[in-house]
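Visitor: Just passing along the structure, written as structure tokens.
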Amino acid sequence: MYKKYGLIGIIIVLFISVLIVSYKNDLKALENDSEEIVEEVVEVKKEVETIKVDIKGQVKKPGVYKLNVNSRVIDAIKKSGGLKSQADTSMINLSKKLEDEMVIIIYSKKQIKQSSNKEKPLECVCPDTLNDACVTNPVTNEPKKTEEIKPTDNEVTDSKVSLNSATLQQLQTLTGIGKSKAEAIIEYRNQNGGFKSIDEITKVSGIGTSTYEKIKDRLTL
């Protein structure tokens, strides 16, 4: 009889051991599932994060568009209605990842032809070197260097620049402000009767808060 009870006891212990092992395995599987769910949530969050880019030139609907943070230049082109018949993307990196406040300029065949450099056919020859979508030099993998805009004799690089009266050249002495953005500032002030405050510059296409923070100490009305 004692042997019988002993055998029953052993069976019970084995059964409980199996339950414990099974419980631990189920708990581990649940933890793994939870980690996978968290990772999926993070990935989904990344996908819904957006940026804004300014696309202009030979596209059907130029303007500022909101796109997924992982989007490429080609996605911005599609978002703006696609290319016009005269568009030339030979100097545009269609696969380049977009960044917030990026400026994309799609040129016409005529513009590319006029700006092409026959002596250096591999060098980026975009008409506007401030184009963030312009291809890099295949040899050095560096963007084409632009000539530094030097202030005139009566200008100093740390002097104040008037948003309402500065010339195209004076505006280009501001950090991050090239020819296209300087032209956009002048166009904005002409259309809106001038600037009412210096932070109003953030309403100009292609100029965001990060650019404003860099130049606000040099701005005046």
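The values are calculated or read from the model by the stated rules, or taken from the named source; none is laboratory data. Being a predicted model, the structure only gives us computed values, none of them experimental. Cβ sites come from the backbone with ideal geometry, for glycine too, and all protein chains shown count toward neighbours.
Visitor: Check 110, 66, 61 and return the single one that is free of Cβ contacts under 8 Å to residues at least 60 places away in the same chain, assigned to a helix (DSSP H, G or I) and surrounded by fewer than 21 Cβ atoms within 10 Å (Cβ to Cβ).
Guide: Unique residue meeting the criteria: 110.
Visitor: Could you list all residues from the range 69-92 that are part of a loop (DSSP other than H, G, I, E, B) and surrounded by 18 or more Cβ atoms within 10 Å (Cβ to Cβ)?
Guide: If the condition is that a residue be part of a loop (DSSP other than H, G, I, E, B) and surrounded by 18 or more Cβ atoms within 10 Å (Cβ to Cβ), then 71, 80, 91 are the ones that fit.
Visitor: Here is a further query. Would you mind finding the one in 175, 146, 167 that is under 30 Å from residue 107 (Cβ atoms), surrounded by 11 or more Cβ atoms within 10 Å (Cβ to Cβ), polar (S, T, N, Q) and modelled with pLDDT under 85? Don't jump to the end; show me each part of the working.
Guide: Numbers: 175 fails: surrounded by 11 or more Cβ atoms within 10 Å (Cβ to Cβ); 167 fails: modelled with pLDDT under 85.
Sole residue among the options that is under 30 Å from residue 107 (Cβ atoms), surrounded by 11 or more Cβ atoms within 10 Å (Cβ to Cβ), polar (S, T, N, Q) and modelled with pLDDT under 85: 146.
Visitor: On to the next question. Filtering the range 166-212 down to residues that are of a type in the set (Ser, Thr, Tyr) and assigned to a helix (DSSP H, G or I), which residue is farthest from the chain's Cα centre (by Cα)?
Guide: By that ranking, first place goes to 188.
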